[in-house]
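Here is the structure we will look at.
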Amino acid sequence: MIAFSRVCKRYPGGYEALKDVTLAVAPGELVYVTGHSGAGKSTLLKLAAAIERPTSGSIIVNGQNLAHLRRSALPYLRRHLGLVFQDQKLLFDRSVFDNVMLPLEVSGFDRREAVRRVRAALDKVGLLSKEKARPITLSGGEQQRLAIARAVVGRPSILIADEPTGNLDPESARDILGVFAAFHQVGVTVLLATHDEGILGAHPGRVITLKQGALVS
Ligand code: ADP
């Protein structure tokens, strides 16, 4: 489902953020990417999501080699990916419901089916009772749940999340990991980066560790 083979990523300016990374994530697997800040976690996730391109090596996602992916093929790839990245801000002038509806509106979904899917996504993250609320009135953990609902409303087969527990207290962080574990349980492939290995304890899944751009375990 996701296969990195001898992947290197050098950013403009010469910094080598990933060095010779080989990694396979099986369909339906839950994998945590850990490592210190600057270890290359975000870079690895951005490569898997085709936000960045590898300098060398191959990356196969859903049977497509991202190193040679045409721009025109990106929308098709992205349809199978749910992304939870820090720079994808919630829209604070729209309701919780509308935030989750937006990706479906953009892809021109039938309105009735879209409404059904938005409610199903909100239900899965435990936010259905807050569909009319503004994101600003939600707690940090709830805002993160909303970001997850938005990412899964298109029913992706792969969910990629960069530090989704970043600014949360330990209890909310464990809660959010539980939400990802629940998607894993229904067959979604999950790739999740966190610098905080301590919160992974009780959760299922495989842990891999990056150190200065190299995979160490
Ligand atoms: P992590 O997510 O583990 O904190 P990153 O993948 O964000 O690590 O960063 C790995 C290294 O690559 C860091 O040294 C960072 O400064 C560098 N880096 C990340 N993005 C860029 C970029 N767009 N341009 C140049 N260097 C970058």
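The values are calculated or read from the model by the stated rules, or taken from the named source; none is laboratory data. Computed from a predicted structure; not experimentally measured. Neighbour counts run over all protein chains shown; Cβ positions are idealised from the backbone, glycine included.
For (1) among the β-branched types (Val, Ile, Thr); (2) under 24 Å from Leu81 (Cβ atoms); (3) at pLDDT 95 or above, each residue gets a yes or a no:
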| residue | (1), (2), (3) |
| --- | --- |
| Arg119 | no, yes, yes |
| Glu131 | no, no, yes |
| Pro164 | no, yes, yes |
| Asn167 | no, yes, no |
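Just checking, which of Arg150, Arg112, Arg119 is among the charged types (D, E, K, R), assigned to a helix (DSSP H, G or I) and under 26 Å from Asn62 (Cα atoms)? Walk me through it before giving the result.
Numbers: Arg112 fails: under 26 Å from Asn62 (Cα atoms); Arg119 fails: under 26 Å from Asn62 (Cα atoms).
Unique residue meeting the criteria: Arg150.
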_Being closer than 20 Å to Ala48 by Cβ and either part of a loop (DSSP other than H, G, I, E, B) or among the hydroxyl-bearing types (Ser, Thr, Tyr) (or both) is the filter here; which residues of region 178-202 pass it?_
Gly187, Val188, Thr189, Thr194, His195
*Within region 154-177, is even one residue within 16 Å of the chain's Cα centre (by Cα), part of a helix (DSSP H, G or I) and either touching a residue at least 60 places away in the same chain (Cβ under 8 Å) or within 16 Å of the ligand (Cβ to nearest atom) (or both)?*
no
*Taking the residues in region 178-197 that are more than 11 Å from Val31 (Cα to Cα) and within 16 Å of the ligand (Cβ to nearest atom) as candidates, determine which candidate is surrounded by the most Cβ atoms within 10 Å (Cβ to Cβ).*
His195
*Pick from region 103-119 the residues that are more than 25 Å from Ala193 (Cα to Cα) and touching a residue at least 12 places away in the same chain (Cβ under 8 Å): which of them is surrounded by the most Cβ atoms within 10 Å (Cβ to Cβ)?*
Val118
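Identify, please: which residue in region 15-37 is within 16 Å of the ligand (Cβ to nearest atom) and loosely packed, with under 15 Cβ neighbours inside 10 Å and is, among those, modelled with the lowest pLDDT? Even if it seems obvious, please write down each step before you answer.
Going through region 15-37, the residues within 16 Å of the ligand (Cβ to nearest atom) turn out to be 15-21, 23, 31-37.
Of the ones still in play, those that are also loosely packed, with under 15 Cβ neighbours inside 10 Å are 15, 36-37.
Details: Tyr15: 89, His36: 96, Ser37: 95.
Among those that are within 16 Å of the ligand (Cβ to nearest atom) and loosely packed, with under 15 Cβ neighbours inside 10 Å, it is Tyr15.
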*Tell me which residues, restricted to region 127-153, are of a type in the set (Gly, Ala, Ser) and surrounded by 16 or more Cβ atoms within 10 Å (Cβ to Cβ).*
Gly141, Ala147, Ala149, Ala151
